[in-house]
Amino acid sequence: MSNDTIALMHRHRSIRHFSPEPLSRETISTIVAAGQRAATSSNMQLYSAVVVQDAATKAQLAVVCGDQEQIRQAPVFIAWCADRSRLERASQQRGYKQNNDYMEAFLVAAVDVGLAMQNATLAAESLGFGCCYIGAVRNKPQAVIDLLGLPPLVFPISGMTLGRPAAQSTIHPRLATDAILHWERYDASGEESLLVAYDQAMNETGIYSGRQVEAPGQPKEVDDYGWREHTARRVSQPRRTALREVIIRQGFGVQ
């Protein structure tokens, strides 16, 4: 079963090479407005999008985000942020102060961001544009906060490059739906054979060629290096361990 919307979703791919064609403010606003139509917890809309088109600022962001050339090249970079500052101002206007001293306050805003981003991506792709999410804004979040002038109670969850694709990239296979879909109760029986099959499918794309992750005590090159080996090596090592400090500094209580 399919339709045009589902077919568009199945054509999703990350775009990392863009033409220099600029996007108008109207186009960017249309894409962001589509993001706003995503579901949002209790209609709080706990997100903001900071659009960057200035070449110098994009160059600084590229360095902060692991020296990613696509950020310099893309005509548009959007920082999608968890934002409870607007609700703080609205609360003060009504004589209240919101309580952000608990994990849910940050988590619900982060979920809102993810939903809005996905809607915006679908809208962009429907118009012939391409995107790539930039989780590396969390590599040095304080630098991003300072560069974009983010106030307290605003935290960058992810970046997004946006523009007209200069070339189409590969559509990577996903896990078999049976590996992630459970009926009535969680049941992982039979999962291993699905993961082995996914290893093979991912290997056939050539994605891991020259990109094998190093892991302490393990040889860098492994013959049967697939999705399981690649992903297990990534998650076996700590990453972005200073995030909690910056999140708390921005006014979110996540302890």
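For this structure, a couple of remarks:
- Number of the condition not met by Ser91 [criteria: (1) under 22 Å from Leu243 (Cβ atoms); (2) over 16 Å from the mean Cα position of the chain (by Cα); (3) among the polar types (S, T, N, Q)]: (1)
- Residue list for segment 183-227, restricted to those being in contact with a Lys or Arg (Cβ under 7 Å, 6 or more places away or on another chain), free of Cβ contacts under 8 Å to residues at least 24 places away in the same chain, within 21 Å of Pro173 (Cβ to Cβ) and among the hydrophobic types (A, V, I, L, M, F, W, C): Val213
The rows are residues; the columns are (1) over 13 Å from the mean Cα position of the chain (by Cα); (2) of a type in the set (Lys, Arg); (3) surrounded by 17 or more Cβ atoms within 10 Å (Cβ to Cβ); (4) modelled with pLDDT of 95 or more.
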| position | (1), (2), (3), (4) |
| --- | --- |
| Ser126 | yes, no, no, yes |
| Gly135 | no, no, no, yes |
| Leu147 | yes, no, yes, yes |
| Gly163 | yes, no, yes, yes |
| Gln168 | yes, no, no, no |
| Ile180 | yes, no, no, yes |
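- Within segment 1-22, tally of residues that are over 14 Å from Ala166 (Cα atoms) and either surrounded by 12 or more Cβ atoms within 10 Å (Cβ to Cβ) or in contact with a strand residue (DSSP E or B) (Cβ under 8 Å, 6 or more places away or on another chain) (or both): 3
- Counting only helices (runs of 4 or more DSSP H) wholly contained in segment 181-255, the ones carrying 2 or more residues that are more than 30 Å from Pro151 (Cβ to Cβ) and touching a Phe, Trp or Tyr at 6+ places or on another chain (Cβ under 7 Å) occupy 191-204, 227-235.
- Lys97 vs. criteria outside any strand (DSSP E or B), free of Cβ contacts under 8 Å to residues at least 60 places away in the same chain and under 27 Å from Gly163 (Cβ atoms): no
- Qualifying residue in segment 101-109 (condition: without any contact (Cβ under 8 Å) to a residue 12 or more places away in the chain, in a helix (DSSP H, G or I) and of a type outside the set (A, V, I, L, M, F, W, C)): yes
- Residue count, segment 51-76 (criterion: in a helix (DSSP H, G or I) and either touching a helix residue (DSSP H, G or I) at 6+ places or on another chain (Cβ under 6 Å) or over 20 Å from Gly128 (Cα atoms) (or both)): 13
- Residue check for Ala74: closer than 30 Å to Pro20 by Cβ and in the same structural domain as Leu115 (by TED's automatic domain parsing): yes
- Residue in segment 190-210 that is surrounded by 15 or more Cβ atoms within 10 Å (Cβ to Cβ) and among the hydroxyl-bearing types (Ser, Thr, Tyr) present: yes
- Residues in segment 23-50 that are loosely packed, with under 12 Cβ neighbours inside 10 Å and either assigned to a loop (DSSP other than H, G, I, E, B) or in contact (Cβ under 8 Å) with a residue 24 or more places away in the chain (or both): Ser24, Ala39.
The values are calculated or read from the model by the stated rules, or taken from the named source; none is laboratory data. Model, not experiment: these values are computed from the prediction. Ideal geometry is used to build each Cβ from the backbone, glycine not excepted, and the neighbour counts take in all protein chains shown.
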